[in-house]
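Encoded as structure tokens, the structure appears first; notes follow it.
Any read-out appearing in this document is the output of simple, stated calculations on the displayed coordinates, not a laboratory observation. Source: prediction; values computed, not measured. Positions of Cβ are backbone-derived with ideal geometry, glycine not excepted, and every protein chain shown enters the neighbour counts.
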Amino acid sequence: MRPQQAASASPQQNVSGMTRDEIVAFVERRHELYDDFDAAGLAADYADDVVVESPMAGVHHGRAAAEQALRATFNAFLDLKMTTDALLVDGALVAHFVTTEGTHVTDLMGAPTSGKAFRLPVVFLYELKDRRVVREQRIYDFTGLLMQVGLIKAKPI
């Protein structure tokens, strides 16, 4: 007997208010908004009471706070680019696996610009409800990012 896949394979809508195909299009559009550094466009996808968790930006409650955190990220990495590696959709839950690349070109968390490039795998976990993101968690190696841009050093083993 095969595991049931109806939630992700069915054209029916779930609590997200979208079909699987609509969710895929939603995430693809968000990716384009990231490429355009469109913090307002990204924030428009959030529910009013969204919770966004990020290793660098912390926990933000509400659309306005999430938009402000996005603007700070875009300002720190003016050449930020994302490449989608995989996308998993399970009902109203989405995992968007990407590789990000960029250069540290402005102050970051009080540290001066290093001009160093980075490459970092990131996972965006979205919980959707009524065609909006109600929760977003960003997962990445924050220490690895800081090492790549030269803000911290590690001793070899």
When we measure straight from the Cα of K153, which aspartates and glutamates land under 16 angstrom away, once same-chain ones fewer than 8 places off are left out? D141
Given backbone amide H placed at 1.01 Å from N, residues whose amide H is under 5 Å from that of V133, ignoring those fewer than 5 places away on the same chain, are Y46, A47
Using unit Cβ charges (K, R positive; D, E negative) and no other charged atoms, how large, in debye to the nearest 20, is the dipole of the chain about its Cα centre? 460
Taking the Cα atoms only, what angle lies between the long axis of helix 20-35 and the longest principal axis of the chain, rounded to 10 degrees? 20
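M147: net charge of surrounding residues, Cβ under 14 Å, Lys/Arg +1, Asp/Glu -1, itself excluded? It would help to have the intermediate numbers written out before the result.
Values: positive: K116, R119, K153, K155; negative: D141.
Once all neighbours under 14 Å are counted, the net charge is +3.
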Which of A111, A40, A25 fluctuates most in a GNM of the chain (C-alpha springs under 10 Å)? That residue is A111
Of the convex hull drawn through the C-alpha atoms of the stretch 6-148, the volume per residue in Å³ is 90
With a sphere of radius 14 Å drawn around the Cβ of V15, what net charge do the other residues whose Cβ falls strictly inside it have (Lys, Arg +1; Asp, Glu -1)? +1
As I understand it, the value is the acute angle between the Cα axis of helix 63-76 and the longest principal axis of the Cα atoms of the chain; what does it come to in degrees, rounded to 10? 40
Quick calc: nm separation of the 7 Å Cα→Cβ label points for T19 and I152 -> 4.6
Report the local net charge at G91: Lys and Arg +1, Asp and Glu -1, summed over other residues whose C-beta lies under 12 Å from its C-beta. 0
